[in-house]
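Enquirer: Okay, handing you the structure first.
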Amino acid sequence: MSQTVEVLVGTVGRAHGLRGEVHVHVRTDEPERRFAEGATLLIDGRPCAVAALRWQAGTLLLRFDGVTDRTGAEALRGQELWARVPADEAPGEDGEFYDRQLVGLRVMDAAGAEAGTIGEVLHLPAQDVLVVRTPSGQRLVPFVTELVPVVDLEAGFVQVADVRGLLDEMEG
């Protein structure tokens, strides 16, 4: 049996209607996979099956087994939705990574010297950004191939391009 990890995939928003549906603030790139009818999610550590889902005006609406009215739906508001996924699961496209694969990786400069570690991944409108923890503080590195040409998950590091000011302070 392969190992699994728990991944945050959404947060329950307000109730919708009278039959137990809730709005979901999606926190995954794969909602069709994580919220499929019959999928089991963890709510406050307890398994809960997705009874039905639908999209309305770009918003995901879910109904869970055992939640059949507005009162039950309102009781879920604010709860985090977690999915158990295989620890070695990877996105289907080359060059794509889950945040959990990147956080904690060593960051190497262009010369191969260790410069820090990835603390988190920010998903901004223009592109994703790596938050790199360095001895001199946090640095924000746009996660694009031109600036992060090497991602080696097996070796546990990313390498950044030789761009002045990317990993160190620019001297005036």
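Enquirer: When a footprinting reagent is the concern and you count Cβ atoms within 10 Å, what order do Trp82, Trp55 take, fewest first? Kindly include the intermediate steps, with their values, before the conclusion.
Expert: Values: Trp82 20, Trp55 10.
Ordered by Cβ neighbours within 10 Å, fewest first: Trp55, Trp82.
Enquirer: What ³J(HN,Hα) values, in whole Hz, does the Karplus curve 6.51 cos²θ - 1.76 cosθ + 1.60 give for the range 111-120 when θ = phi - 60°, with x put for Gly and Pro?
Expert: 7, x, 8, 5, 10, x, 9, 7, x, 6
Enquirer: From the helices alone, meaning DSSP H stretches of at least four residues, give me the mean residue ellipticity at 222 nm for the chain, per-run term -39500 (n - 2.57), in deg cm²/dmol to the nearest 500. Don't skip to the end; give the middle numbers.
Expert: Details: 3 runs with 14 residues, N = 172.
Here the helix-only value at 222 nm equals -1500 deg cm²/dmol.
Enquirer: Mean separation of Cα pairs under 8 Å and 6+ residues apart, divided by the residue count of the range 55-172: what relative contact order is that in percent? All intermediate terms of the calculation are to be shown ahead of the outcome.
Expert: On the way: 146 pairs, mean separation 20.1, N = 118.
Averaging sequence separation for qualifying contacts and normalising by length gives 17 percent for the range 55-172.
Enquirer: Averaging sequence separations of C-alpha pairs under 8 Å and six or more residues apart, then dividing by the length of the range 32-123, give the relative contact order as a whole percent. Don't skip to the end; give the middle numbers.
Expert: Numbers: 98 pairs, mean separation 16.5, N = 92.
Value for the range 32-123: 18 percent.
Enquirer: Something else: Which ³J(HN,Hα) values in Hz, rounded to whole numbers, follow from the phi angles of the range 6-23 under the Karplus curve 6.51 cos²θ - 1.76 cosθ + 1.60, where θ = phi - 60° and Gly and Pro get x?
Expert: Couplings: 9, 10, 5, 10, x, 9, 6, x, 6, 5, 10, x, 10, 9, x, 6, 10, 6 Hz.
Enquirer: Hey, another quick one. Can you give me the long-range amide H partners of Phe64? Hydrogens built in the peptide plane at 1.01 Å from N, cutoff under 5 Å, separation of 5 or more residues or another chain.
Expert: The answer is Ala51.
Enquirer: Could you tell me which of Leu124, Leu42, Leu140 has its Cα farthest along the dipole of the chain towards the positive end, charges placed at Cβ (Lys, Arg +1; Asp, Glu -1), taken about the Cα centre?
Expert: With unit charges placed on the Cβ atoms, the residue in question is Leu42.
Enquirer: Could you tell me what a quarter of the Cα convex hull surface of the range 99-159 works out to, in nm² with one decimal place? Don't jump to the answer; show the numbers that get you there.
Expert: Details: hull surface 15.8 nm².
For the range 99-159, the mean projected area of the Cα convex hull comes to 4.0 nm².
Enquirer: How big is the dipole moment of the range 48-169 about its Cα centre under a simple scheme where the beta carbon of each Lys and Arg is +1, that of each Asp and Glu is -1, and everything else is neutral? Debye, nearest 20, please.
Expert: Numbers: 10 positive and 20 negative charges, 126 e Å.
It works out to roughly 600 debye.
Enquirer: A further question follows. In percent, how large is the relative contact order of the range 4-86, given Cα pairs closer than 8 Å and 6 or more residues apart?
Expert: Working: 187 pairs, mean separation 36.6, N = 83.
So the answer I get is 44 percent.
Enquirer: Can you tell me what share of the DSSP beta bridges in the range 99-159 is antiparallel? A percent to the nearest 5 is fine.
Expert: Values: 18 of 21 bridges.
Approximately 85 percent, going by the DSSP bridge assignments.
The numbers here are math on the coordinates, done by the rules we state, and not lab data. Predicted, not measured: the structure shown is a model, and the values here were computed from it. Glycine also receives a Cβ, built like all others from the backbone with ideal geometry; neighbour counts cover every protein chain displayed.
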